């Protein structure tokens, strides 16, 4: 017990260290990129796009995440949080019932389950929004409650375009958890209406802009479910939270009267086709984990190419001759073979490391972050002493790769996935007893 607690504390401290180092390294990379922009001429156009993407999707989110750990409360206050730690949409619906009953009432009410956020679904929603094509299962961005993203989400598309839609995210409440005031609920949900697409006020990311009065969407969710399922009953906790007017994580104004409806779906019959296994968002492989694994693979490929080049070029790379200083050709050849062998082993090790990261190994994630951190610190020392000059032509791409690995694998989503505790399948007999009760 003591060893497990000590290991958890050590892992937490390591994660905090890597997280902060990633933020500091991102700031340094931004400084280097700005310096390089003055030498690009006409290339500043594409460079500006790259810099905006780096700023909006990497640097600003990491800085927000570091700052919000200081001033955002770590307990339930009726608001979801963005992956950057900013306060997001209001939690405005609570539910009672097993997961199959929640799926049953939403589908009966004409709602469509949203796809998970993947590279394919993200690419599809971008093209659907630009060309105004229907995508009724378009994914919603992750919001966090109970330190994990939504377990699933439902939506209703408007005008056959994902730019406008009703949508609601669902989180399973922890075992034994009670709402402030002592109310027992099984699920919490946050519903809002997307009215358009625009830029986030806080991170400059492209995102959906929501309707200010979130109570309208809350009432729409409750009314559609109640109309479709006569077995559903609704109890409203008036003034559950103080009515307020503020902004969500994208900078959109939101207002609510603070009422919280509790939708009771425990009497809803469950179709036999509903799966018995419980959905848990922590079991879904997040994009940062896949990105981190891909970047480690790219690093491995670079090492393997270098090893092959050393073995086939006779020690001459880009006009520079490898020389161990002995003056003996045989000794030099042996030294080249030794270096190539070490690089080859390192490259193969990186391939294995990437595969373990992809599978969700926390140990592999920590090792990859440690290797990137060591490389970043060495390059920082060389840069500060004038030993190395980091430019787009030399060194900067390698540094950027290491920083991207650190940012991806130290993110909350990658950390939660690597440290997840899988939710066991619920036997059908147990599920039926729960539904009957």
Inset, instruction - Take region 133-157 and flag every residue that is farther than 14 Å from residue 282 by Cα, crowded, with 21+ Cβ neighbours inside 10 Å and at pLDDT 90 or above. - result: 153, 154, 155
Inset, instruction - Of all residues in region 79-117, count the ones that are at positive phi, buried (at least 18 other Cβ atoms within 10 Å of the Cβ) and modelled with pLDDT of 90 or more. - result: 1
Legend entry - Residue list for region 376-387, filter: farther than 17 Å from residue 26 by Cβ and either modelled with pLDDT of 85 or more or surrounded by 16 or more Cβ atoms within 10 Å (Cβ to Cβ) (or both): 378, 381, 382, 384, 385
Legend entry - Subset of region 80-125 [assigned to a helix (DSSP H, G or I) and touching a strand residue (DSSP E or B) at 6+ places or on another chain (Cβ under 8 Å)]: 99, 102, 103, 105, 106, 107, 125
Legend entry - Test for residue 320: is it surrounded by fewer than 12 Cβ atoms within 10 Å (Cβ to Cβ), modelled with pLDDT under 90 and closer than 26 Å to residue 402 by Cα: yes
Inset, instruction - Determine whether residue 104 is assigned by TED's automatic domain parsing to the domain that holds residue 243 and more than 22 Å from residue 282 (Cα to Cα). - result: yes
Inset, instruction - Would you check which residues across region 158-182 are modelled with pLDDT of 90 or more and either within 24 Å of residue 219 (Cβ to Cβ) or surrounded by 13 or more Cβ atoms within 10 Å (Cβ to Cβ) (or both) and list them? - result: 165, 166, 167, 168, 169, 170, 171, 172, 173, 177, 179
Inset, instruction - Just give me the residues in region 299-315 being farther than 10 Å from residue 347 by Cα and at pLDDT 80 or above, in sequence order. - result: 308, 309
Legend entry - Criterion (surrounded by 16 or more Cβ atoms within 10 Å (Cβ to Cβ) and not assigned by TED's automatic domain parsing to the domain that holds residue 192) met by exactly one of 256, 207, 289: 289
Inset, instruction - Test each condition in (1) modelled with pLDDT of 90 or more; (2) within 30 Å of the chain's Cα centre (by Cα); (3) surrounded by 16 or more Cβ atoms within 10 Å (Cβ to Cβ) for residue 216 and report the one that comes out false. - result: (3)
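The values are calculated or read from the model by the stated rules, or taken from the named source; none is laboratory data. Quick caveat, the model's predicted, so the values are computed rather than measured. Positions of Cβ are backbone-derived with ideal geometry, glycine not excepted, and every protein chain shown enters the neighbour counts.
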